[in-house]
Amino acid sequence: KQEVTQIPAALSVPEGENLVLNCSFTDSAIYNLQWFRQDPGKGLTSLLLIQSSQREQTSGRLNASLDKSSGRSTLYIAASQPGDSATYLCAVTNYGQNFVFGPGTRLSVLP
Amino acid sequence: DGGITQSPKYLFRKEGQNVTLSCEQNLNHDAMYWYRQDPGQGLRLIYYSQIVNDFQKGDIAEGYSVSREKKESFPLTVTSAQKNPTAFYLCASSIPGGSYGYTFGSGTRLTVV
């Protein structure tokens, strides 16, 4: 059964820092990996989707990489801003299966 | 614009009542999902549907029921059998297999009073 973990559980950084969020999964035969952002009391907003044949995806200041062999993905946020403060979740799916979600990393960017 | 609409945003349930949460999408997605989110925990799958008139139980289906009579709609009923229903409920949709990922609604917060 696929399990997803995220480290750290919480992170606090000063504005302007570059930071990395980590996601690990136990079954490396994944089909897709998706990173989401969740603001308090809100739904999930999709940030990046990496399909199994891809190694990374970029959107603005965000870059997500995927290493299937090691069962890891990282979300890199460049030049962090207070508006980046949110919980970041990763989710993976194996072929024909539903997405399995990690518990999230709660990020605080201090002005 | 295409998206998923969940209503109501806040819902209060008395002991012994059934309540229904609405989820409507205009993305033309075949698959729809219901998740429950509790503080400090990840998302847990309640029910999902890959096609109209068909649905399957997820990991925590006890005390919940769903229907899928239309492609656009996937309502969730929280029955009186659900002993701890206070939580944040999220609806999502995708094309079958999730090749392009999931799209989520804004959620419904259910509180037992």
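Quick look at the numbers
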{"quantity": "Protein accessible surface hidden between B and A, which excludes ligands and nucleic acids, total in Å², probe 1.4 Å", "calculated": "1500 Å²"}
{"quantity": "Two-site label geometry, B:ASP38 and B:GLU15: point separation in nm, points 7 Å out along Cα→Cβ", "calculated": "2.0 nm"}
{"quantity": "Percent accessible area from carbon and sulfur atoms, the protein assembly as shown, protein chains only, probe 1.4 Å", "calculated": "48 percent"}
{"quantity": "Among A:ASN94, A:VAL4, A:GLY16 - extreme Cα towards positive end, dipole of chain A, charges at beta-carbon", "calculated": "A:ASN94"}
{"quantity": "For segment B:9-19, Karplus couplings with θ = phi - 60° (6.51, -1.76, 1.60), whole Hz, Gly/Pro x", "calculated": "6, 10, 9, 10, 10, 7, 4, x, 8, 9, 9"}
{"quantity": "Area of A:PHE101 that stays accessible when all protein chains are in place (1.4 Å probe, Å², to 10)", "calculated": "20 Å²"}
{"quantity": "5 angstrom amide H check on A:LEU47, placed H, neighbours 5+ away", "calculated": "A:TRP35, A:PHE36, A:ARG37"}
{"quantity": "Under DSSP loop assignment and at most 12 Cβ neighbours within 10 Å, longest trypsin sites (Lys or Arg not before Pro)-free interval of chain B", "calculated": "B:15-82"}
{"quantity": "Size of charge dipole - segment A:1-105 - debye, nearest 20, with Cβ of Lys, Arg +1 and Asp, Glu -1, no other charges", "calculated": "220 debye"}
{"quantity": "Förster radius 30 Å - calculated FRET efficiency between A:GLU17 and B:SER7 (Cβ-Cβ, nearest 0.05)", "calculated": "0.15"}
{"quantity": "Cα-centre dipole for chain B with unit charges at Cβ (Lys and Arg positive, Asp and Glu negative), debye to 20", "calculated": "300 debye"}
{"quantity": "Over segment B:12-66, relative contact order from alpha-carbon pairs under 8 Å, at least 6 apart, %", "calculated": "23 percent"}
{"quantity": "Hz values of 3J(HN,Hα) by residue in segment A:77-84 - Karplus curve (6.51, -1.76, 1.60), Gly and Pro given as x", "calculated": "10, 8, 6, 4, 10, x, x, 7"}
{"quantity": "Cβ-placed point charges (K, R +1; D, E -1), dipole of the protein assembly as shown about Cα centre in debye, nearest 20", "calculated": "340 debye"}
{"quantity": "Those lysines that a straight Cα-Cα span of less than 21 Å connects to B:LYS71, excepting residues fewer than 8 apart in one chain", "calculated": "B:LYS57"}
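The values are calculated or read from the model by the stated rules, or taken from the named source; none is laboratory data. Just so we're clear, the structure is a prediction, and the values are computed from it rather than from any experiment. All Cβ positions, even for glycine, are placed from backbone atoms using ideal geometry, and neighbour counts span all protein chains on display. The area values use the complete protein model at the heavy-atom level, side chains included, leaving out ligands, DNA and RNA. Shrake-Rupley method; radii C 1.70, N 1.55, O 1.52, S 1.80 Å.
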